[in-house]
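What follows is a short report on a single structure.
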């Protein structure tokens, strides 16, 4: 069911990203740093995803968030929250794992990939359009190219690109959709059995 | 580790923010010796930098105008860039460029004064200790222009895979007498250009000029980049080759350092590079070996005692509020089991904290309040501050001194040997943050070397986050101590630096020396990490002939003079060492505390019996530069077959990801689809 509400959550999150970018007095204290997080600076688990390296980094992520956040929020505000949290968690787990060698990470794009998958899924369920499938494959192709080349496509931000965060975000999305479907199937079976 | 990160974050913040306000003083200008006359106008200022094969060559060409109705003598003064060897000064006499020759300081001054008395054109370049290079020019004709060119060479280090080049323009503003001297117009009236050509053995991801967003950065290939900052008039001339009629307007102010960063690609190996110079008929060659270690130093986890030693002299006045804020953040982020003291110094030192305090919230807040009640003033008794900071050190705990200063020691003990003796008697590491271009860098660097710490130079134009990462990276990891470099299989001598000391994570080891013979040699680096012996070795090839890098001889000479100067710092003035410095400087054409560079009309060199050694050397260097430009990028790595390190070099390993325009274009149809669907509903 699509709602016509103003996407307050999405607009609020965009405002927070802008606030962090323009108002944070000491940005380095807010970066995602596995070493500092292990030492007790837990706020970095969240703030790292809200920080951006430069204006280009900020603008593109905010535009992506505006589109994806609005789409999901129009379906369900609960889904919006769950998707954001799963996205941030997926990227954080990767960054804290032995598979990541990064000292510092910033940016929303990892979590945006979780939102991307959720938004595509919701649109697909709504419209069953071939457009959705095309967009899905184009997005996957972008991520595959970035992982293989180690470079961002078209974008040129002042920090080195880290495409594995996008992969983590997508995996988070897959987890979310699978668990959502399992829960729904389970509910349906339970209802059928009880009927 | 948390404590280290936070402290150095705060200190780096302090360094940057404390002199974040726009600088008031500029350097590198020309002024009449008659102080009643206003300064000469800067008509043109052109900087050409070539960074390749591990060193940077900077040529600065300036045109000054004498607006007065009388001929006059003028002084051109500029801050000494870090580790810069000045080997070329050219003065245009009768429209022709004439290069200078190096003589002993007193003799050069005598020649200059005699020429001036005789009314002859001449120029003299002298080094004013660590402060500046001062160039006297006579005569600057009434209503006419003066053109000069200065060239210096310096090693181009890479730290944690980030390279940094600074063209210094800001005066540090630490000398009260100089403040009035420097308080004048610092604008280039007609043309300004800054061109940097970069060629590297290693692929480069990106270039960055943090305070010069208008710079044009061109990537020719992963190994070759160009950076330019050119005003419009100069660009127009470059484009069509025609003369441009300039309007007397301000086009560029010489009041902000130009800082350039470059970032190496991720995952490059630790490696050994060799750049050498040896002529066809010479037995002896000169080399520069650059070792970029693999990232094999482990993180440190133990806690420490921290002593903040803060410069509160008058020159810090405009920076005090930011300094207090930086210290507040540093103290606020200490762990409860850490301890701290805060020492302030100006004419004398005083402790703010009454011994070590546990970093409890109450103690920290008290210290912050007390610091806020202080005001900077008076002179700089650096010795008193350091000596005070070293009291009460607990031998059972690791201790570190964090010194933040922008000035010079001008009260109390001021001799370098006294400072070195003070540090040698204590088991404490000194980490100095050297702010601006006028600090006594040689003193602070020597102290850091003696204590196995480091001195980090900070410019107004540096990136705060970048300097933070650099400091944090060094201090959160083990250090390779007591380093010794050995060569076998070939005769190698005159190695410099004589004492290497320590290597922190991400730092490169750069060694100069002479070699005889040619062929393969074994090079071994010994050191200790946390008391355990470590050895790295490889085999490298020394060439029989290599003529592309004559500048290596000057760089060796400069490094050797630094070593000799360090010896005098330890053992006091010594006539033999002074003579050795003079000999090395004259042989390599270098301006030092004991040698100066004189420029005379060609015929006067002959009449005065001055050999044109430096002119010949400059010609050789210019030819080599042209040849290098034609050849393009070279691979200087010499441990391909037997790599010295098995792990990749250290990097800051930071990353981020952006959705980018590509993703935005993909999402637009999704949005349209969504809206259409909604409408349909």
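Here, each number is a calculation from the coordinates, and none is a lab measurement. What you see is a predicted model, and the numbers here were worked out from it, not measured in a lab. Glycine also receives a Cβ, built like all others from the backbone with ideal geometry; neighbour counts cover every protein chain displayed.
Values as computed for the structure displayed
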| quantity | calculated |
| --- | --- |
| Fully extended contour minus Cα-Cα distance, from residue B:70 to residue B:619, at 0.36 nm per residue | 194.1 nm |
| Peptide ranges B:383-389, B:83-89 listed from the most packed, as the mean C-beta count within 10 angstrom indicates | B:83-89, B:383-389 |
| nm² value of the averaged projected area, convex hull over the Cα atoms of segment B:479-578 | 8.0 nm² |
| Stokes-Einstein D in µm²/s, Kirkwood radius over Cα pairs - segment B:559-656 at 25 °C with 0.890 mPa s viscosity | 134 µm²/s |
| Taking B:459, B:530 and counting other C-beta atoms within 10 Å, the order from fewest to most | B:530, B:459 |
| Sequence of B:662, B:262 once ranked by neighbouring C-beta atoms within 10 Å, starting from the fewest | B:662, B:262 |
| Inter-probe distance in nm under a simple model that places probes 7 Å from Cα toward Cβ, at residue B:205 and residue B:675 | 3.7 nm |
| Percentage, to the nearest whole number, of Cα pairs in segment A:1-140 over 24 Å apart | 34 percent |
| Distance from segment B:493-519 to segment B:593-656 (C-alpha centre basis), Å | 17 Å |
| Normalised convex hull volume, segment B:37-96, alpha-carbon set, Å³ per residue | 120 Å³ |
| Nearest 10 degrees, 0 to 90: helix A:77-96 Cα axis against chain A principal axis | 50 degrees |
| Rule-of-thumb Rg ratio for segment B:619-663 [Cα; 2.2 N^0.38 Å; N residues] | 2.10 |
| Peptides B:447-458, A:31-42, A:5-16 ordered by average Cβ neighbours within 10 Å, highest first | B:447-458, A:31-42, A:5-16 |
| Acute angle (nearest 10 degrees) that the helix A:130-149 long axis makes with the longest principal axis of chain A, alpha-carbon atoms | 30 degrees |
| Sorted by Cβ neighbour density within 10 Å, fewest at the top, the residues A:139, A:178 | A:178, A:139 |
| Translational diffusion of segment B:340-398, µm² s⁻¹ [Kirkwood Rh, Cα pairs; Stokes-Einstein; 10 °C; 1.306 mPa s] | 128 µm²/s |
| Value of D in µm² per second that Stokes-Einstein yields for segment B:556-603, Kirkwood Rh from Cα pairs, at 20 °C (1.002 mPa s) | 188 µm²/s |
| Projected label distance in nm at residue B:337 and residue B:567, using a 7 Å step from Cα toward the beta-carbon | 4.8 nm |
| Taking the C-alpha atoms of segment B:336-461, convex hull volume expressed per residue in Å³ | 118 Å³ |
| Potential extension, residue B:486-residue B:530 segment - 0.36 nm per residue separation minus Cα distance | 13.7 nm |
